[in-house]
1. Figure the gain on full extension for residue 162 and residue 62 (residue separation times 0.36 nm, minus the Cα-Cα span) and round it to one decimal in nm.
2. Can you pull the one-decimal nm distance between simple spin-label points at residue 96 and residue 142, each 7 Å off the Cα toward Cβ?
3. Contour minus end-to-end for residue 69 and residue 152, with contour as 0.36 nm per residue of separation and end-to-end as the Cα-Cα distance?
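A short reminder: the numbers here are calculations on the coordinates, not readings from a lab. Please read these numbers as outputs of a predicted model, since none were measured by experiment. Virtual Cβ from ideal backbone geometry, glycine too; neighbours counted across all protein chains shown.
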């Protein structure tokens with residue numbers, strides 16, 4: 001008697017995250033990051049202010065295996081400020097690891113735009129501001145004409161104005 005065949009709901013497909021997880025782990029471990037969360041959630045771990053001016057580069061382990069050194073890259077102007085916050089950075093990173101994995105934080109400086117390749121600045125690009133409400137055209141007002149509720153009529157007018165604007169372009 002044959003065992004029932006297991007059919008997955010994905011029908012042979014895998015999540016992209018599961019496909020990339022091994023490659024990401026291998027790449028991050030080659031730089032010393034045993035916990036890749038330190039790279040992906042850097043702003044959450046150290047705070048927005050520090051993440052805007054610095055990023056983790058490397059974790060190197062001592063020969064004896066006791067305590068690691070976290071290398072943080074920043075611009076020359078921000079290095080003195082980060083130097084004063086080394087203990088805070090170390091404590092927050094150790095909270096991420098769950099134990100005292102990092103014993104030293106080393107600050108490395110570079111030009112504001114990176115090395116000769118012209119890398120981007122540390123801070124992420126500002127988020128685009130969505131455009132304001134469109135001009136309500138007479139055609140949009142006519143579409144929402146029979147609605148009694150003021151809030152609903154205004155919402156329909158804005159929706160109609162957006163649809164009409166997209167149709168024109």
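1. 30.0 nm
2. 5.9 nm
3. Separation in residues times 0.36 nm, less the Cα-Cα distance, equals 24.0 nm.
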